[in-house]
Structure formats: structure tokens, C-alpha cells
1. Can you pull out the helices (runs of 4 or more DSSP H) entirely within segment A:42-129 that have at least 1 residues that are away from chain B (no Cβ under 14 Å) and under 17 Å from the mean Cα position of the chain (by Cα)?
2. Being in a loop (DSSP other than H, G, I, E, B), within 30 Å of A:Tyr53 (Cα to Cα) and at pLDDT below 85 narrows it down to one residue among A:Ile295, A:Ile287; which is it?
3. Taking segment B:49-63 only, how many residues are surrounded by 15 or more Cβ atoms within 10 Å (Cβ to Cβ) and away from chain A (no Cβ under 12 Å)?
4. What number of residues in segment A:219-240 are in a helix (DSSP H, G or I) and under 24 Å from A:Tyr96 (Cα atoms)?
5. If we only count helices (runs of 4 or more DSSP H) wholly inside segment B:114-183, which ones have 2 or more residues that are free of Cβ contacts under 8 Å to residues at least 40 places away in the same chain and within 30 Å of B:Asn59 (Cβ to Cβ)?
6. Considering only segment B:95-128, how many residues are surrounded by fewer than 21 Cβ atoms within 10 Å (Cβ to Cβ), within 12 Å of chain A (Cβ to nearest Cβ), out of contact with any strand residue (DSSP E or B) (no Cβ under 7 Å at 6 or more places or on another chain) and charged (D, E, K, R)?
7. Residues that are within 11 Å of chain B (Cβ to nearest Cβ) and more than 18 Å from A:Asn95 (Cβ to Cβ): does segment A:263-284 have at least one?
8. Name the residue that is farthest from the chain's Cα centre (by Cα), counting only residues in segment A:208-231 that are within 9 Å of another protein chain (Cβ to nearest Cβ) and basic (Lys, Arg).
Amino acid sequence: MKTERELELYFGPQHLGMVGNFSITLQVEGDKIVKAFANPGYLHRGFEKLMEYRTWIQNFPMVCRINVIEPDSMEMVYAMAVEKLAGIEVPERANYIRTIVLELSRLASHLFGCWAYANMLGFDTVAQWAMYHRDLLLDLFEELTGGRVYHIYIWPGGVRRDIPKGFKDKVLNTLHTIGSCIPDYDAAFFNNRLFYKRAKNIGKITKEQAKRLGATGPILRATGLKHDIRKIDPYAMYDKIDFEVPTREDGDAYSRIWVVRDEMIQSVHIIMQCFEKMPEGEVFNRIPNPFKWKIPKGETYVRVESSRGELGLYLVSNGEDKPYRVHFRTPSYPHGLIILEKLLEKASIADVGNIMISLYVVAPEIDR
Amino acid sequence: MATSLPDRGKGKYIEGKVKKMDKLIKEITLAFKGVKETTIEADKLIINAKKDDVLDILNFFKERGYDHLSLISCVDWIESGQFELIYILSSYSEQNGKKHIILKTKIPRKNPKFKTVIQIFENAEPYEREIHELFGINFEGHPRLTHLFLERNYKIPPFRKDFNTREYVKEFFEKIPFVEDKK
């Protein structure tokens, strides 16, 4: 029932507090939100339909554009599904390189998330640091793959090419540069009392609620559940690598950002272990002529742990040179469409951007 | 280096798991008649069910710890004149975390409708909305079957196989005159 004091507010992409092409319609009373409705669709490009018109290999430049911030996990999940349907093996060295690339992109994505969150709450200095450090990682990607944002590097049967000479030292150098700034980040942002007051008890979600609403990734781990696909269903080389799954108990925005912070440190450990253990050898297995490549009939569901949570792909082949049906399960989908709506109820207008960014919603991933 | 890691007891673990999956298969074939199951990998089970059984089977798996609905998808099998709805379930618990249940059911392509599963899995809401919009399937009992991504109605819902993207683009965008032509 609408009361007389109720107003409808449109919180859209043109709003300063909104990051990304996404909008929320808010029903407010005073500055309290009564109900919120998420409206995605600003970036709907129909990729899943377009992919049905293109050959298996031609789809790679499309897949990475689904998630602008972390394209590598998209490539990985598509390559994994194609490999599973076609029965292609991946050499061990390629798997190590994949792990390194995935973790570097997780770092880049988390730093981007920190930029968005710090910027939102007015910690401009921290935001600049995070953006600068992300740029250093993009430089690494440029050297490795030729592209800064979209890499198209992970390929069915391996990776496109071997790592260049001296790349390892450059990566370690960059990671040391970023790692040496952790105390500064902590002092200025993560342990900052202003940030604590702004983020504590905001957007709180319990473990049961998170499970019921289909949460994964940092949002689920911030409620205390140790659920990480890298551990429970390992892909690439994650079963050979020793790492922790950071969790927090409270389930609020502050816990979520701390899970992200701890994950970044774990990513650095994973990359260092990969470089240590990486054997010599081939980096790709040859695939058939891509113009005539037909994949046998079948279907599969594969998933990876992207920086935001479970990223899955349901892929159906009917024995042709093109996929019959592609459907991505992106982690932001339940986070942005259900959990966000639930958390915004009874919150204040000033916290809308705060809650949304703490949920780590990336609009292009929802729309596809 | 790999030997220095704590041994996760791989062989034993997997053996136990496969047996558990067998138990599940036995239980489900006993409980529901007309269920066809295939195992594509050690941890992935595909179940073809009749459309009337779907809600009960989802409840059956939810009671047995498959409490995470990963995805609801739809495939348009135009040649046989059917839509196939796919429910992918997995678990939040550690021992079942690796397993997947892919539950599939077929509904006729003409006047397609199905029951909503929101009362079992709350996060089904946007998935069903998306399938309604892109495939034109009506979910009975769904509280808001409004537009999710698109802004207008299409004659043929755009993700169906008989919707031709190229023809649509030609038809729709060639009607819009160039800026120069307007003068």
C-alpha cells in the first residue's frame, strides 16, 4: 500500500553515486527506503544469442566482453566447457600459466572494486592508489597478451603463447610494489575508523539468508561459510597449490571488503607458488582446423570461482561447428537482482551506493 | 614440491563419493517413476524427468542437501517442437560441494507454460523472469513477470531459434532514416 508520504526515486546510471550502467527504482518515505526494484538491461547485448551464429573459436572475442572488469575468468570458463565437450587435454605448463593469469586478473578486479568502494565513500587517495596499482597489472597483461583490458589469451587446449623472457621478474617486482603498500592501504582505508563507521552493520546478511538467496563468493564467505570453488571443485592447478580461503563472520559491508583484502594477499601467494612449481614444456595442444571444427553432441556445466563468486556456463552442442545454446551463470546475477533488493529495504538513501558497491555488482555481467 | 602439501586423500575420497551418488540414483529411481538418469562425469548427474514431477524432485534434492540452485536455463529444440527447462543444483556443504544435479524436463513449444519454483528456491525469480522474456514461457504463480532486459515486446521472443537476428536488424533499423535524409 502506498501511503501519501511515499515517493518514487529513480537511482540510475546518471546518478553520481552509481557505478556502472544499472538502475534502481526506490520507493522512499522520508529518507528511508520502503522497497527497491533493480532494473538491469542497459548493457544487454544479447551475447548468448550472437554466439549461436559464430563458430567455436570466433566466440572468444565475445566471451571476454561479457565481464569488462575480469575477462579472463570468462575465457577460462568457456575454454573449459569447449575442452570438456571436445575432449581436449591441457598441458601442465599451460595450466600453471592459466592459474597465474586468473589470479592476476582477480587482483586487478579486486583493486578495481577497492577503487569503486573507496571512491564512493570519499577516500579519494586510496582510490587513486588502487587505480594506479591496477594499471601496473594491466601493463603486465599488455606485455603477456598484447591487450590491456580484453586479453583473449586462454584458448581451448592451453594458452595462446608462452610467457615472454623476464616476465616472471616483472610480475614479482610489480607484486612487491603493490604488497609494500598494504600497510598504507590498511592505515588509510581498511583500518580507518571513518571507514569502519561507514561500513559496519551496513547491508547485513546472515548465512541462512545468503544460502537461500543463492549468494556465492566474497558475499557468502563474509557470512562465515568457507565455500570456494577453487577448493571444492578444483580446476587449472588449484589442487596443487596451498592457499587459504579467508572468511569473516558478520556478513556486513565491512566484512565483505576485508574478505576481498585477504583474498588479494592469497592471490599473491598463489602466483608466487605457480612460478616456483611451473615445469617446462608445451603451452598448448593443437586443436583441429578452427574453420571446420565440429564438436560432438553433448552438454556440460562447468564453473570457476571468479572474483565475485560462482561463474558457470551451461553449454550445449548438437554436433555442429557452432554452439547450440550458451548460458552463463554470472555471480552478479543473484547478487544484483535479489540480494540487493532485499538489503535495500529499510536502508537509508545515503547507503544505496554503499550497499550496492559492497555487493560487488558488475552490470555488464548481469545483462550479458 | 607437490608431495609437501597435506594429502587430501584423493583416491579414497572419490571412491566414497561415487558410491554415494549411486545411492542417490537408487533413491530417485525408486521414488519417481519414469525418471531417466545418465552420469556424464563422476560428479555430474543428468536427470530427465516428466514435467509433473519436477517440483517434487527439486524438493527431494533440497531435502538431501542440494540447497544451491545455480542456474535455470532453457533450450529451444525447434525440430522436435519442445522447450527444455534445465535446473542445475549443487550444494553449499563441503562433502557434496563437487557434485552437480542437472534436472531436465521438456514442455511443448506451443503455448508454453510451467509452474514456478520460487516457493522452493527463492533465487529462481530473476531466472524465470529472464526465460519468460527471452523464450516466452509463462511461469504460473510468478509474482512479477515483467520485462527484465528488453524494453519492448517482440513478435517472436528473441532467444527462440526461429527468431533471426540479422533479419530483425535489417527490418528494424533500416526504417530509421539517416540524419542527412531527414533534412
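The values are calculated or read from the model by the stated rules, or taken from the named source; none is laboratory data. What you are looking at is a predicted structure, and each value in this text was computed from that prediction instead of being measured. So basically every Cβ, Gly included, is an ideal-geometry build from the backbone, and we count neighbours across all protein chains shown.
1. Numbers: elements: A:47-51, A:60-63, A:71-86, A:92-121.
By residue number, A:60-63, A:71-86, A:92-121.
2. A:Ile287
3. Residues in segment B:49-63 being surrounded by 15 or more Cβ atoms within 10 Å (Cβ to Cβ) and away from chain A (no Cβ under 12 Å): 8 in total.
4. Keep residues of segment A:219-240 that are in a helix (DSSP H, G or I), which gives A:219-221, A:229-232, A:238-240.
Narrowing further to those that are under 24 Å from A:Tyr96 (Cα atoms): A:229-232, A:238-240.
So the answer is 7.
5. On the way: elements: B:124-135, B:165-173, B:179-182.
Per the criteria, B:124-135.
6. Adding up the residues that qualify gives 2.
7. no
8. A:Arg212
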